[in-house]
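Just so it is clear, none of the values below were taken in a lab; they were calculated from the coordinates. The shown structure was predicted, so the numbers you read here are calculated from the model rather than taken from an experiment. Cβ coordinates were reconstructed from backbone atoms using ideal geometry, including for glycine residues, and neighbour counts include every protein chain displayed.
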Amino acid sequence: MSLWAVGTIAGALTGGVLYHAFSSSIQTRAANVSTALHECSIAMVVPPPPGPVPAARRIEQRPFTELVKRKWNEEIESAWVSALHYDYAGLWSRTKGYAGELVDRAKSS
């Protein structure tokens, strides 16, 4: 056989093998995608199984503990609000006045 004929046959065989490989790969991927889409469509139609009981229903109510927590939070809030609205300028002037009195007493004694 001539070299030209061998090259042509080898090229044809290589091309055929590559075509078959790519075609098979595409068919396999298409089949996998089709199966996955079918499973997704079934999953969207079938209702999901019931989940676990919500945590709010699993926690037992403790009225005394809740009362203590609520009172604690109210006391903290009250202390915070009173600290925010305290007259610090008046405190400073009273402190200066007391300090002045102490200095005057110390000088006079």
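May I ask you to list the residues in the range 46-78 that are of a type in the set (Gly, Ala, Ser) and surrounded by 10 or more Cβ atoms within 10 Å (Cβ to Cβ)? Break it down into steps so the answer makes sense when it comes.
Pass one, the range 46-78, residues of a type in the set (Gly, Ala, Ser): 51, 55-56, 78.
Residue satisfying the conditions is Ser78 alone.
Without any contact (Cβ under 8 Å) to a residue 24 or more places away in the chain and surrounded by 10 or more Cβ atoms within 10 Å (Cβ to Cβ): does that describe Arg29?
Values: without any contact (Cβ under 8 Å) to a residue 24 or more places away in the chain: yes; surrounded by 10 or more Cβ atoms within 10 Å (Cβ to Cβ): yes.
Here the answer is yes, as Arg29 does meet what is asked.
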